[in-house]
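Report on the structure given below.
No value in this document is a laboratory result; all are computed from the given coordinates. None of these values were measured; they are calculated from a predicted model. Methodologically, a virtual Cβ is constructed for each residue, glycine included, from the backbone with ideal geometry; neighbour enumeration extends over all protein chains shown.
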Amino acid sequence: MVDLDVLLADIRSGDPSAFARWMAGAEPTMRDSLRSFAAVVDVEAVLQEALLRTWQIAPRVELDGKTNSLLRVGIRIARNLAVSERRRARSAPSDDDAIDRARAGDPDGTTLPVVPDPHLRQAISKCADALPAQPARALHARIESAGRQDDDTLAAEVGMRKNTFLQNFTRARKLVADCLKRHGIDISLELA
Amino acid sequence: MTTPRDPPLDAVTTAWRPRSPDGAARSHPAWHDLDDEGKREAYEVTRILRSIEAALDPEGLSTTARAVLRRLHGL
């Protein structure tokens, strides 16, 4: 069993590279924990804030004898942020029921991080390498930017109109998924 | 093959998010244009995209993780 708490001492000491390694395993699990909020909050924004706050609170996190203590703390932070965000923006009192259902199921000692699959990684790399030029440019522009710039800026940088950029990006992700299927990999099932 | 929904859906799959005055990540403007089904679909597509990004990154990091790392460094 992978226990990301092996990185906790370095994270507590303020080592961002240790936190980066922690995020590589923890981010998918934290995102999955927010699935039930997907229709009521922008999960990407909530997740980025939750990861940042997890880093900030890490020096005060104590091991509790179970594995992945920091990951479980991160999941609680993420869910509480999602509830706060929804309450800040909500429009109907009936949303409370949805919020209660969504926050049910506190993370326990069986919460597991994601372990990279070298076979899947290699297959994705091959499929991305096989993309036509324009979809590849859109995909790589997003990856290289890593959220630094909005799509208006990225589209201008690669010489596309925004709608063309988005169409190429959509085509890229669908072509990668189709290519993986031809190799016997259904990526949505792999991540289930 | 794209559908009419795809471009606005993929507008929100980026890790870019606007910031509040205190620097916090806020909802993507295009997220509010999606209906509930579209928001759930955007979540699932983003989940898959982040795994693709992590697979293509030398350190196994998605664009979400890279965006957070930049903020740790005060950028």
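Annotations
- Selection from the stretch B:37-67 of residues that are out of contact with any helix residue (DSSP H, G or I) (no Cβ under 8 Å at 6 or more places or on another chain) and either among the basic types (Lys, Arg) or closer than 18 Å to A:Ala138 by Cα (or both): B:Arg40, B:Arg66
- Against the conditions (1) touching a helix residue (DSSP H, G or I) at 6+ places or on another chain (Cβ under 9 Å); (2) within 18 Å of A:Val43 (Cα to Cα); (3) more than 7 Å from every other protein chain (Cβ to nearest Cβ); (4) not hydroxyl-bearing (Ser, Thr, Tyr), B:Trp16 satisfies every one except (3).
- Extreme residue, nearest to the chain's Cα centre (by Cα), among residues of the stretch A:22-43 that are surrounded by fewer than 21 Cβ atoms within 10 Å (Cβ to Cβ) and free of Cβ contacts under 8 Å to residues at least 40 places away in the same chain: A:Asp32
- Restricting attention to the stretch A:132-163, the residues that are of a type outside the set (D, E, K, R) and crowded, with 20+ Cβ neighbours inside 10 Å add up to 10.
- The stretch A:2-21 - residue that is within 18 Å of the chain's Cα centre (by Cα) and more than 9 Å from chain B (Cβ to nearest Cβ) and, of those, nearest to A:Leu112 (Cα to Cα): A:Leu4
- Any hit, the stretch A:44-58, residues being in contact (Cβ under 8 Å) with a residue 12 or more places away in the chain and in a loop (DSSP other than H, G, I, E, B): no
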